[in-house]
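What follows is a set of notes on a single structure, which appears directly below.
The values are calculated or read from the model by the stated rules, or taken from the named source; none is laboratory data. Being a predicted model, the structure only gives us computed values, none of them experimental. Here the Cβ positions follow ideal geometry from the backbone for every residue, glycine too, while neighbour counts run over all protein chains shown.
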Amino acid sequence: MKVIIKSLDNDEKTMKKVKKFLFSQILQEFGYGYVPEWHQDIMNLEEYYIQPKRNNFFIALDEKTNEIIATIGLRAYDKDFEEFRGIYSEDNTSSIWRLFVDKRYRRCGLASKMFNVAETFAFKSNYDNIYLHTHKNLKGALDFWTKMGFIVTIDTNDDLETVHMEKKIMGIKMPLNPSIFSYAVEF
């Protein structure tokens with residue numbers, strides 16, 4: 001299978017497909033649909049990811065079907081968690097959002113590739129750190145992010161099992177142009 005990874009542009013048709021993909025993934029993984037206070041970035045992709053120069057949203061397409069099979073967003077840190085005031089800022093910290101891989105395309109390195117593309121973009125955009133939060137009840141999420149070099153900064157032990165993580169950006173060399181790569185996987 002060949003996969004194309006590229007930046008999302010402001011094409012309405014593509015943004016509509018991205019939103020549909022994201023909400024289907026959220027429903028599968030979390031069991032709920034649109035929640036206004038949690039999904040403003042999805043509803044406003046252009047404002048959150050396309051317009052700001054230091055933000056980006058990447059999509060992976062199956063070259064054969066042109067179907068969206070994975071996503072990842074990277075944007076300047078824009079949360080106001082009390083625990084991180086004075087530590088993270090939009091100037092030096094980026095944050096990862098919306099890494100989803102269609103279940104049919106998992107376990108073949110696509111999530112790692114998506115993160116590598118986002119990390120390279122963060123490095124070239126002069127961020128020092130990458131922040132994210134995940135949930136311990138998401139199968140494989142904590143292990144995946146740890147393998148990507150993230151460390152846990154706060155385990156909230158809340159009902160959502162939220163874990164805050166960070167990674168110092170070391171700077172890896174990868175092209176930012178749309179990339180095509182193959183997997184030794186057949187469906």
So ARG54 passes all but one of these: (1) over 26 Å from CYS108 (Cβ atoms); (2) assigned to a helix (DSSP H, G or I); (3) within 18 Å of the chain's Cα centre (by Cα). Which condition number does it fail? (2)
Conditions (1) over 15 Å from the mean Cα position of the chain (by Cα); (2) surrounded by 12 or more Cβ atoms within 10 Å (Cβ to Cβ); (3) modelled with pLDDT of 95 or more; (4) not small (Gly, Ala, Ser) -> TYR34 fails only (3)
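Would you check if GLU63 is under 23 Å from PHE121 (Cβ atoms), touching a residue at least 24 places away in the same chain (Cβ under 8 Å) and surrounded by fewer than 16 Cβ atoms within 10 Å (Cβ to Cβ)?
Yes.
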Single condition MET114 does not satisfy, out of (1) part of a helix (DSSP H, G or I); (2) over 16 Å from the mean Cα position of the chain (by Cα); (3) under 25 Å from MET170 (Cα atoms); (4) of a type in the set (A, V, I, L, M, F, W, C): (2)
What number of residues within segment 152-187 satisfy the criterion of being modelled with pLDDT of 55 or more and either in contact with a strand residue (DSSP E or B) (Cβ under 9 Å, 6 or more places away or on another chain) or surrounded by 15 or more Cβ atoms within 10 Å (Cβ to Cβ) (or both)? 15
Looking only at residues that are touching a residue at least 24 places away in the same chain (Cβ under 8 Å) and out of contact with any Leu (no Cβ under 7 Å at 6 or more places or on another chain) in segment 27-50, which one is farthest from THR162 (Cα to Cα)? GLU46
Within segment 119-170, which residues are charged (D, E, K, R) and assigned to a strand (DSSP E or B)? ASP155, GLU166, LYS167, LYS168
Would you point out the residue of segment 70-82, among those that are surrounded by fewer than 21 Cβ atoms within 10 Å (Cβ to Cβ) and among the hydrophobic types (A, V, I, L, M, F, W, C), that is farthest from the chain's Cα centre (by Cα)? PHE81
Quick check on my filter: what residues within segment 142-151 are surrounded by 15 or more Cβ atoms within 10 Å (Cβ to Cβ) and not hydrophobic (A, V, I, L, M, F, W, C)? GLY149
Can we say LYS113 is on the phi < 0 side of the Ramachandran plot and surrounded by fewer than 20 Cβ atoms within 10 Å (Cβ to Cβ)? no
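I need a count of the residues in segment 88-111 that are in contact with a strand residue (DSSP E or B) (Cβ under 7 Å, 6 or more places away or on another chain) and either part of a helix (DSSP H, G or I) or more than 15 Å from THR134 (Cβ to Cβ) (or both).
Within segment 88-111, the subset in contact with a strand residue (DSSP E or B) (Cβ under 7 Å, 6 or more places away or on another chain) is 88, 90, 92-102, 105, 110-111.
When the remaining residues are screened for being either part of a helix (DSSP H, G or I) or more than 15 Å from THR134 (Cβ to Cβ) (or both), the result is 88, 90, 92-94, 102, 105, 110-111.
Residues flagged as in contact with a strand residue (DSSP E or B) (Cβ under 7 Å, 6 or more places away or on another chain) and either part of a helix (DSSP H, G or I) or more than 15 Å from THR134 (Cβ to Cβ) (or both) within segment 88-111 amount to 9.
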